[in-house]
Amino acid sequence: MAGEWLPPAQLTGSGRPVLHHGEIESSLISNVDLECEDNASFPLLKSGLLILTTHRLIWIQESASNSSASAIAVSIPLVAITHIYSTKKSIKSMFSSPRIRFAVLASPEGRVDEKGSRTMVITLVMRGKADIDTFVSRFWDNWRARSWETSGSDSGSTALGGSSWEGPSGGVRMPVVGVAGILRKEQEMWESTDKSLQEAFQDLNALMSKAKEMVMLAEKMRQKLLSGPSNQTNSTNDEEMGSKQEMQDWLLSVGIASPVTKESAGALYHQQLSRQLADFVKIPLERAGGMINLIDVYCLFNRARGTELISPDDLLQACSIWEKFDVPVMLRKFDSGVRVIQNKSHSDEEVFARIKALALDPNALRTGISATDAAMTLGIAPAMAKEHLLTAESKGLLCRDISPDGFRFYINLFIEIDPDDMYLVKDHGIYTTWVSSVFASR
């Protein structure tokens, strides 16, 4: 098994890799083989999707990528790489698949380990069509940047300890404990934050380069707001609580730390965008009752992507690819032409049962129900509630009345009437309930 020799990589429900704190995708290449020259027991990893990030090389088996539960996903930490061999161009290399060789640390048994005592050479065989020179350049840049060290220091800087620490100037200083130490630490943190903001807003290029840092900063601010003491919360007035909730909602929608882009994904752009979108819509769908308008998804997704905006065509194409993947969401088109995204577990029968119960209310039997009434019952937007009402009408559950005030929907009584004796009033059923309601209102 590949997991015996390479660290496993976790996948989301749509088959996308679960990134570490501060990890950003840089490049994606399909049809890549992994080979090892120094380990005879190394597994045969053929035709996989290779994802280069700032922290790892992630290899996902493409043949099983449609089902994340059965997919083989392994990774090679960049920290374990000791050397990247330069690629040699020759006449022979023009007629063969490009190869990228690098040395990694490994345990005596041959498992890739950043604390290993020996080295072995791993080869990437690029059998697909891709810009190899660009990939190698990013590979070198990410390995030299050592972003995992920055992420580790950021996450560890929030811990309180009694040992000495390294200050901004590089010198080792003794900690100041107590209130003075906490105040000084808060002051230095805000000075660093102010400096980052000033650098980020100098021009658009600086803003884009600082986007990851801004997302991390916003997440820290959100956690600080959520962890506020309860006694302060009780003492605040309604206006302050509203401002705090608004700030939390804004920070929650700051964005995706590593959005899929055409530059990083290349020919796999729409495929990877589709998987990332499937992961993104899970929370909005839960809040919207299992179904959300495609236009709303477009706005939410683009807001989360920050400066990496996508077009409506890209979104529609990403949604249409879901049919090929094992994802829990799907694209649906109503008879009116409205497109929505919904969970596969969403049941129309359950929605119809709730609409029928609403339509059988004594007041609804007399005056009917509107899209607003159904929206309040179902907990969804009125536009979506209207689509459900029209669908229920097409199923024969409701009847529609059009007036200057708009659409009103009533329970379908025609199925209760005997065509052979239209004046026969039954002593049971919906028709009897309707007659009783009408006479009771007089």
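If I filter region 368-385 down to residues being of a type in the set (S, T, N, Q) and more than 30 Å from the chain's Cα centre (by Cα), which single residue comes out as surrounded by the most Cβ atoms within 10 Å (Cβ to Cβ)?
At the first step, the residues of region 368-385 found to be of a type in the set (S, T, N, Q) are 370, 372, 377.
Still in the running and more than 30 Å from the chain's Cα centre (by Cα): 370, 372.
Working: Ser370: 19, Thr372: 12.
So the residue we want is Ser370.
Given the options Leu294, Leu300, Leu309, Leu331, name the one that is without any contact (Cβ under 8 Å) to a residue 12 or more places away in the chain and touching a helix residue (DSSP H, G or I) at 6+ places or on another chain (Cβ under 8 Å). Let's see the steps before the verdict.
Numbers: Leu294 fails: without any contact (Cβ under 8 Å) to a residue 12 or more places away in the chain; Leu300 fails: without any contact (Cβ under 8 Å) to a residue 12 or more places away in the chain; Leu331 fails: without any contact (Cβ under 8 Å) to a residue 12 or more places away in the chain.
Exactly one of Leu294, Leu300, Leu309, Leu331 is without any contact (Cβ under 8 Å) to a residue 12 or more places away in the chain and touching a helix residue (DSSP H, G or I) at 6+ places or on another chain (Cβ under 8 Å), namely Leu309.
Do we find a residue being farther than 20 Å from Gln10 by Cβ and either modelled with pLDDT of 85 or more or not β-branched (Val, Ile, Thr) (or both) anywhere in region 47-65?
The answer is yes; a qualifying residue exists.
Which residue out of Ser41, Ser68 is under 20 Å from the mean Cα position of the chain (by Cα) and modelled with pLDDT under 90?
Testing whether each residue is under 20 Å from the mean Cα position of the chain (by Cα) and modelled with pLDDT under 90 leaves just Ser68.
Condition first: open to solvent by 30 Å² or more (accessible area, probe 1.4 Å) and either on the phi > 0 side of the Ramachandran plot or hydrophobic (A, V, I, L, M, F, W, C) (or both). Now tell me which residues in region 397-413 satisfy that. So that I can check it myself, show each step before the final result.
Applying the first criterion (open to solvent by 30 Å² or more (accessible area, probe 1.4 Å)) to region 397-413 yields 397, 399-405, 407-408, 410.
Those that are open to solvent by 30 Å² or more (accessible area, probe 1.4 Å) and either on the phi > 0 side of the Ramachandran plot or hydrophobic (A, V, I, L, M, F, W, C) (or both): Leu397, Cys399, Ile402, Phe407.
Output the residues belonging to region 13-41 that are in a strand (DSSP E or B) and of a type outside the set (Gly, Ala, Ser).
If the condition is that a residue be in a strand (DSSP E or B) and of a type outside the set (Gly, Ala, Ser), then Pro17, Glu25, Leu28, Ile29, Asn31, Val32, Asp33, Leu34, Glu35, Cys36 are the ones that fit.
The values are calculated or read from the model by the stated rules, or taken from the named source; none is laboratory data. This is a predicted model, so every value here is computed, not measured. Every residue, glycine among them, receives a Cβ derived from its backbone with ideal geometry; neighbour counts consider all protein chains shown. Keep in mind that these areas ignore ligands, DNA and RNA; they rest on the heavy atoms of the full protein, side chains included. Shrake-Rupley method; radii C 1.70, N 1.55, O 1.52, S 1.80 Å.
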